[in-house]
Amino acid sequence: MSVLVLGGAGYIGSHAVYQLIDRGEEVVVIDNLQTGHKEALHSRATFYHGDIRDADFLHDVFTKEAIDAVIHFAANSLVGESMDKPLDYFDNNVYGTQVLLQTMVDHQVKHVVFSSTAATYGEPESVPITEMMRTEPTSTYGETKLTMEKLMKWTARAHGISYVSLRYFNVAGARENAEIGEDHQPETHLVPIILQAALGQRDQVTIFGDDYDTPDGTCIRDYVHIEDLIEAHLLALNYLRTGGSSDIFNLGSNQGFSVKEMIETARTVTGKEIPAVIGERRAGDPSTLIASSEKAKQILGWNPERTSINRIITDAWNWHSKNPNGYRKVVKK
Ligand code: UFG
């Protein structure tokens, strides 16, 4: 039987495919290559180029392949963009998931691991955030992910499907040997932006506000290493295959670091100056997001071993310094 990875050419999806293949799983990938990279595809995965909103296409893949579980990463995921293009986000994220679930029901595929987000919580009541806390997204992106979770909940109940939804905090880092890594166009995430400045590809990092209610005034986030994050997906897959019931888990480190602390650590890791200036606040940024991941540790047995900001930045730097242009080939004149 195969695991179907939707969005397996993206940053997080490609790391999942590599780890699944490391563990001896047969892997089928679907990606529309809108934000994913064909260079990030694993040579041993069976790849179908297409869009999950295309019901006939999905039906064909589920007919050809013996799929027993799905890991669903295929979604748009930028908070800022989602505020400008809400209908695009509902179409790709929510409608895409509806088509997927209908196809799973039709083909009697019973398990799905789902990529969700801390953005489902919105402004937290308090930190660390537990899965029991109120969900009041402050962005269209968070709202679509929360809606996708609800689609799963009701479909699972009606059709005997079990799902695990994993709410990620701030994912960063890269596979240790730098085979694959993070490459977004345009880049908006803090860690790659800092490392682009270290490489001289940007003049400076702009810190979005230093007047937050935090010790150094800059926003605090909870960073999790991509490889630890993927381990949780493999544990979730095993949990579902062995009869675990549908559930939701946070994935973070139970620790928060400020933007200034991230830049300082990157200066130490890279040995580069990394100029930084203070800019305006970015709309929609909560001041502090820190996860409680106790539930994932207790129920899934998750043990995030690589999740320190030093290790995250070291592995990310390994990828960025070896691949300064990401997956883009540089055409020599
Ligand atoms: N930041 C800067 N300068 C930059 C980029 C980011 O100061 O150039 C700051 C942001 O204001 C924020 C922090 O660095 O305080 C992290 O920003 P990111 O854009 O890297 O990540 P976000 O916290 O905005 O969002 C990420 C994911 C979302 C997810 C969220 C959950 O991109 O999909 O984590 O915590 F929902």
statement: Residue set A118, A55, A69; condition in contact with a strand residue (DSSP E or B) (Cβ under 7 Å, 6 or more places away or on another chain), more than 20 Å from R157 (Cα to Cα) and of a type in the set (G, A, S); output residue A118
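Collect the residues in region 239-291 that are part of a helix (DSSP H, G or I) and charged (D, E, K, R), keeping them in residue-number order. First the steps, then the outcome.
Of all residues in region 239-291, those part of a helix (DSSP H, G or I) come to 239-241, 259-270.
Of everything in region 239-291, those that are part of a helix (DSSP H, G or I) and charged (D, E, K, R) turn out to be R241, K260, E261, E264, R267.
Checking the conditions here, which among D210, D247, D228, D222 is in contact (Cβ under 8 Å) with a residue 60 or more places away in the chain, in contact with a Pro (Cβ under 6 Å, 6 or more places away or on another chain) and of a type outside the set (K, R)? Spell out the reasoning first.
Numbers: D210 fails: in contact with a Pro (Cβ under 6 Å, 6 or more places away or on another chain); D247 fails: in contact with a Pro (Cβ under 6 Å, 6 or more places away or on another chain); D222 fails: in contact with a Pro (Cβ under 6 Å, 6 or more places away or on another chain).
Exactly one residue qualifies, and that residue is D228.
For region 137-220, which strands (runs of 3 or more DSSP E) that fit wholly inside it have 3 or more residues that are within 16 Å of the ligand (Cβ to nearest atom) and surrounded by 19 or more Cβ atoms within 10 Å (Cβ to Cβ)? Spell out the reasoning first.
Values: elements: 162-168, 170-172, 205-208.
Where strands (runs of 3 or more DSSP E) fall fully within region 137-220 and carry at least 3 residues being within 16 Å of the ligand (Cβ to nearest atom) and surrounded by 19 or more Cβ atoms within 10 Å (Cβ to Cβ), they are 162-168, 170-172.
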statement: Filter region 236-259 for residues that are over 17 Å from R311 (Cα atoms), surrounded by fewer than 20 Cβ atoms within 10 Å (Cβ to Cβ) and of a type outside the set (G, A, S); the one that is nearest to the ligand (Cβ to nearest atom) is D247
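Based on this model, can you work out whether V28 counts as within 26 Å of D228 (Cβ to Cβ) and surrounded by 24 or more Cβ atoms within 10 Å (Cβ to Cβ)? Lay out the reasoning, then the answer.
Values: within 26 Å of D228 (Cβ to Cβ): yes; surrounded by 24 or more Cβ atoms within 10 Å (Cβ to Cβ): no.
Answer is no for this residue.
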message: Here is a list: F73, F62, F90. Which entry is in contact (Cβ under 8 Å) with a residue 12 or more places away in the chain, surrounded by fewer than 22 Cβ atoms within 10 Å (Cβ to Cβ) and under 24 Å from T138 (Cβ atoms)?
response: F90
task: Answer yes or no: is there a residue in region 107-117 that is farther than 22 Å from A236 by Cβ, within 16 Å of the ligand (Cβ to nearest atom), buried (at least 17 other Cβ atoms within 10 Å of the Cβ) and touching a residue at least 60 places away in the same chain (Cβ under 8 Å).
output: no
- line: Those helices (runs of 4 or more DSSP H) completely within region 1-101 that have 1 or more residues that are under 30 Å from P286 (Cα atoms) are 11-22, 79-84, 86-89
message: Where the second residue is within 9 Å of the ligand (Cβ to nearest atom) and modelled with pLDDT under 95 and the first is more than 16 Å from V277 (Cβ to Cβ) and lies in region 185-205, which pairs have Cβ atoms under 8 Å and are six or more apart or on separate chains?
response: T188/L78; T188/G80
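The values are calculated or read from the model by the stated rules, or taken from the named source; none is laboratory data. It should be emphasised that the depicted structure is a prediction, and the values quoted were computed from it without experimental measurement. As a convention, Cβ positions derive from the backbone with ideal geometry for all residues, glycine included, and neighbour counts pool all protein chains shown.
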